[in-house]
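Scroll down for the structure; my scribbles are underneath it.
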Amino acid sequence: MKFALAVFSPGHAPSSRRALLFAQAALASGHEIVRLFFYQDGVHSASANVVAPQDELDVPAQWRAFVTEHQLDAVVCIAAALRRGVLNAEEAQRYQRPAVNLPAPWELSGLGQLHEAAQTADRLVCFGGD
Amino acid sequence: MSTLHVISHSPFGDNRLSSCLRLLGSNDGLLLCGDAVYALQPGSEPLKALEHANLGARLFALEEDLQARGISSDAARAIDYPAFVQLSLDHDKVNSWL
Amino acid sequence: MAKSLLIISRQAPWAGPSAREALDIALAGGAFDLPLGMLFLDDGVFQLAPAQQPAQLQQKNLAANLQALPMFGVEALFADARSLLERGLDAEHLTLDVEVLDDAALAALIDRFDQVVTL
């Protein structure tokens, strides 16, 4: 079956880790993830500038590794990301900001990508909260 | 049609659980995860509300969240992540209360 | 046939970008001509309250964007009767033309959509 997964919480929220474990379990069970979409505070789950203490989980790093390993389509909502200071090189240059915290494998795009994924998938599952 | 409702906020000082219970359909399931598993705390008001809703085998809780919080409950079926994935497919859609 | 999506908006309007970002999901879907519905639940019904002056908080007027929903093809608009009642809001004086639903009708509403997002 095909899943579209949407993440609404930052990497330090339990629900971001929960989304990651769900995604891993879905692939392990032989299902497909058509797209990961990061919206609202979920854009922070994609940030490359999160520094977790050495003895704590670094969920954004785990997301990055997971997306890269499985070559997943991972989209960060551009409007939500700009509002929260999550920028790729192109946007940092466009708005003349000093830091880039969204390198590959993430893609910045619009909310239409969430709708497209929801149309393609058998299930849309959203993760947020505590 | 059936919906799997997923709640992850504590039921204390938050009305997601009570709103969910009043619009829950007769085929719908409810999965508690994160701080929402505190709703299964023995002797608590939310547990009474859950028992009153009489969900029977349609009430689930994420096992790791129960164990992390030292809560054990006969009211909900404890599930792991592969079972969570399957549960989302057993229902027609998933409604997460973000 | 396109899958229908119900957006349940339950955040008060001036507590950060949440309410606006819920609305943006609806507006983006409407632009793609997708079958969409929007239900205002819990504190989300405060988005429909009359006489709001968001300019006092230097905020954009959410009500104006809500009123654009039908123009974007989002005409299935609902509010929860109990949420309105609990908050002392009069269903006859809301800033948006919504159908007010009781508990049983809410369950039936969710049932008839293919997908649901609650935020």
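Computed from the coordinates by the stated procedures, all read-outs in this text should not be read as laboratory data. What you see is a predicted model, and the numbers here were worked out from it, not measured in a lab. Note: ideal-geometry Cβ built from the backbone for every residue, glycine included; neighbour counts use all protein chains shown.
Above 18 angstrom, tally the Cα pairs of segment C:1-114 and express them as a % of all pairs, no decimals.
Details: 3029 of 6441 pairs.
Summing the P(r) tail past 18 Å for segment C:1-114 gives 47 percent.
What is the Cα coordinate range of segment A:2-127 on the first, second and third principal axes, sorted by size from largest, in whole angstrom?
Principal-axis extents of segment A:2-127 (Cα, largest first): 43, 38, 22 Å.
From the alpha carbon gyration tensor of segment B:3-97, can you work out the equivalent ellipsoid semi-axes (sqrt of 5 times each eigenvalue) and give them in Å, largest to smallest? Provide the component values of the computation, followed by the final result.
Details: eigenvalues 64, 50, 27 Å².
So the equivalent ellipsoid measures 18, 16, 12 Å along its semi-axes.
What residue among A:Val50, A:Val86, A:Val59 has the largest mean-square fluctuation in a Gaussian network model of chain A, using Cα springs under 10 Å?
Largest GNM mean-square fluctuation: A:Val50.
From Cα coordinates alone, what are the radius of gyration and Dmax values for the protein assembly as shown in angstrom?
In Å, with Rg to one decimal and Dmax whole: 19.7, 57.
Which one of C:Gln56, C:Gly44, C:Thr95 is farthest out on the positive end of the charge dipole of segment C:37-119, using unit charges on Cβ (Lys, Arg +1; Asp, Glu -1) and the Cα centre as origin?
Result: C:Gln56, furthest along the dipole toward the positive end.
Residues of segment A:4-27 with amide nitrogen under 17 Å from the 7 Å Cα-to-Cβ point of A:Asp58?
From segment A:4-27, the list is A:11-13, A:17.
With the contact rule set at Cα under 8 Å and sequence spacing of 6 or more, what percent relative contact order holds for chain A? Walk me through the numbers on the way to the answer.
Working: 240 pairs, mean separation 48.7, N = 130.
That works out to 37 percent.
Just in segment A:60-97: which chymotrypsin sites (Phe, Trp or Tyr not before Pro) are loop by DSSP and have at most 15 other Cβ atoms within 10 Å? Walk me through the numbers before you get to the answer.
Working: sites: A:Trp63, A:Phe66, A:Tyr95; in loops: A:Tyr95.
Answer in residue order: A:Tyr95.
Please compute the contact order of chain C in relative form: average sequence separation of alpha-carbon pairs under 8 Å and at least six residues apart, divided by the residue count, as a percent. Walk me through the numbers before you get to the answer.
Numbers: 197 pairs, mean separation 42.2, N = 119.
Relative contact order for chain C comes out at 35 percent.
Net charge around A:Leu21, counting only other residues with Cβ within less than 14 Å of its Cβ (Lys, Arg = +1; Asp, Glu = -1)?
Details: positive: A:Arg17, A:Arg18; negative: B:Glu63, B:Glu64, B:Asp65, B:Asp80.
Once positives and negatives cancel, what remains is -2.
Starting from the 7 Å offset along Cα-to-Cβ, what nm value, one decimal, do you get for the label separation of C:Glu86 and A:Asn49?
Computed distance between label sites C:Glu86 and A:Asn49 equals 3.9 nm.
What share of all Cα pairs of segment A:1-45, in percent, falls into each consecutive 10 Å distance bin?
32, 51, 18
Given springs between every Cα pair under 10 Å in a Gaussian network model of chain A, which of A:Pro103, A:Pro53, A:Pro14 has the largest fluctuation?
A:Pro53
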